[in-house]
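The structure appears below as structure tokens.
No lab work stands behind these numbers, since they all come straight from the coordinates. Just so it is clear, the structure is predicted and the values come from calculations on it, not from any experiment. Cβ sites come from the backbone with ideal geometry, for glycine too, and all protein chains shown count toward neighbours.
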Amino acid sequence: MSVAEGAPAADAKAFFGHPRGLMTLFLTEMWERFSFYGMRALLALYLITPPDGVSPPGGGLGLDDGSATAIYGTYLSLVYVFPLMGGWIADRMWGARRTVLWGGIVITAGHFLMAVPIEALFWIGLLSVALGTGLLKPNVSALVGGLYVGSEEARRDSGFSIFYMGINLGALIAPIVCGTISEWVGWHVAFAAAGVGMMFGLIQYVRGGKYLGDVGTHVPNPAPPELRRKVGYSSLIGVAAFAAVVAVVSLLTGGFNIDRLVDILSIVILLLPIIYFRTIFTKRKLSDVERSRVKAFVFLFLVAAMFWLIFDQSGSTLNIFAEKHTDLSIGSFAMPASWLQSVEPAMVIIFAPVFATIWMKLADRAPSTPVKFALGLVGVGISYLVMVFPGLMADEGNLSSVWWLVSIYVIQSWAELLLSPTGLSATTRLAPTGMAGQMLALWFLAAAVGDTIGGQLANLLSGLGLASYFGLLGSVAVLLGLLMLLISPKVRGMMVGIK
């Protein structure tokens, strides 16, 4: 039984007209996103803060902007790569419900490791947060899809839009709470605060499990013992091989360097979707309809990768821009740069009900999934074209108004609402039988590809000038979005019965 075939509890519509289990998953995702966006708001700023920084917030790691953006991009990439593992574990070993629980536990442990002011524990904790997110993130979305079966199927897009509000509620609160704590108390206490948020999510997830019925409790496609052993051995060999490559590169380049590790991880991440899609098409027994739908998903994957390449730089390139090139004063009050990370999720919370209502009112007349993707990509491209103007001011050594970044985050919120919840919903419907978790993992892998390319581009093009950088990426995104709009009828036809 796949996640989508589970049955929600009979306690029926009690959460904005949707199954009550949506509330449990809404709050679980809200607190997981609190921990994630708390780190997202702090990470790049912590990396560029000099080691001898005053207390609070105290010293950081003192890296240059290029290295910080590359590390940030690779961290986000790992957050979205590990869902490949999390999806497989849910589909083949534990089921989605148990995998989500363990993901939350690992995330919490990672944050508390980062709370210890020892650099080695910081990196281990950061890796643990990424690993735990990989277990939780795809499977909590799969559980949402499992609530909408039979007569509820038509409400799926609306349900995912409400669920997406949970994501952005956590994203709204986290930068303010964690950013304030980092400013007033210190970096490492702020890292711990993100872990406390995840603890709240775990508690309510366990207590609210009764509203999910048997959704996600079954393993859709159980792996035989010999396959589990093979995967275990292969994973150990892969980790050992990666460690060996890092060791050899370190020896050849005069010692360990975090930038070299980031470069190696980037290559691995870019190879993963090629390998994964090839495996699906060559080794899975797909029906003609399933094969056509997966081909359509490839187009959505590519558009999403370009979207996240720009969008997720809000926590790195734009966050550093806010810190170094923006007048953060509003009257006599100077806000922390990290607070600006709350603007975009605030806009999503405001506009998500509007978009959900529009899609419900339009019903069959709503734009197709490929059209929404195209418009989302054009929108995020326009946001970077707008950034050209404050970029020119920064290149001339002047501070720009904080309202430039606020306006750009508003544009990005509209683009996100066109693409992201639509992508989650479409992925659950395009997934072949027994592959819901793994296809959602692939959906998040699109973000990994975009983030790792974005981090490397920000590093490589750091000498280009901010205005030219924003103009280049914005123009490419707009052009690719218009191309997707042109081919959207063909992509929709490949989706076979799915709008």
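Which ³J(HN,Hα) values, rounded to whole Hz and listed in residue order, are derived for the stretch 104-120 from phi using the Karplus coefficients 6.51, -1.76 and 1.60 in 6.51 cos²θ - 1.76 cosθ + 1.60 with θ = phi - 60°, glycine and proline given as x?
Taking θ as phi minus 60°, the curve returns x, 5, 5, 4, 4, 4, x, 5, 5, 5, 5, 6, 7, x, 10, 4, 4 Hz for the stretch 104-120.
Using the per-residue mean of other Cβ atoms lying within 10 Å as a proxy for protection, in what order, highest first, do the peptides 385-392, 30-37, 456-463 fall? Before the final figure, lay out each step's value.
Working: 385-392: 19.4, 30-37: 26.9, 456-463: 17.0.
Answer by packing, highest mean first, reads 30-37, 385-392, 456-463.
Using amide H atoms built 1.01 Å from N in the peptide plane, name the residues 5+ places from residue 326, or on other chains, whose amide H lies under 5 Å from its own.
The list, which skips near neighbours in sequence, is 400.
Mean separation of Cα pairs under 8 Å and 6+ residues apart, divided by the residue count of the stretch 75-128: what relative contact order is that in percent? Write out the running numbers ahead of the final one.
Numbers: 33 pairs, mean separation 14.3, N = 54.
Worked out over the stretch 75-128, it gives 26 percent.
Give the angle, between 0 and 90 degrees and rounded to the nearest 10, that separates the Cα long axis of helix 258-283 from the longest principal axis of the Cα atoms of the chain.
The angle comes out near 20 degrees.
Eight or more residues apart or on different chains, and alpha-carbon atoms under 20 Å: count the Lys pairs in the chain matching that.
Final tally of qualifying lysine pairs is 13.
Where does the stretch 254-339 land on the Kirkwood hydrodynamic radius, alpha-carbon pairs, in angstrom? Before the final figure, lay out the partial values.
Values: mean 1/r = 0.0586 Å⁻¹.
Kirkwood radius, the stretch 254-339: 17.1 Å.
Each residue of the stretch 354-363 in turn: what ³J(HN,Hα) in whole Hz from Karplus with 6.51, -1.76, 1.60 and θ = phi - 60°, glycine and Pro shown as x?
3J(HN,Hα) across the stretch 354-363, in whole Hz: 5, 5, 4, 5, 4, 5, 5, 5, 6, 6.
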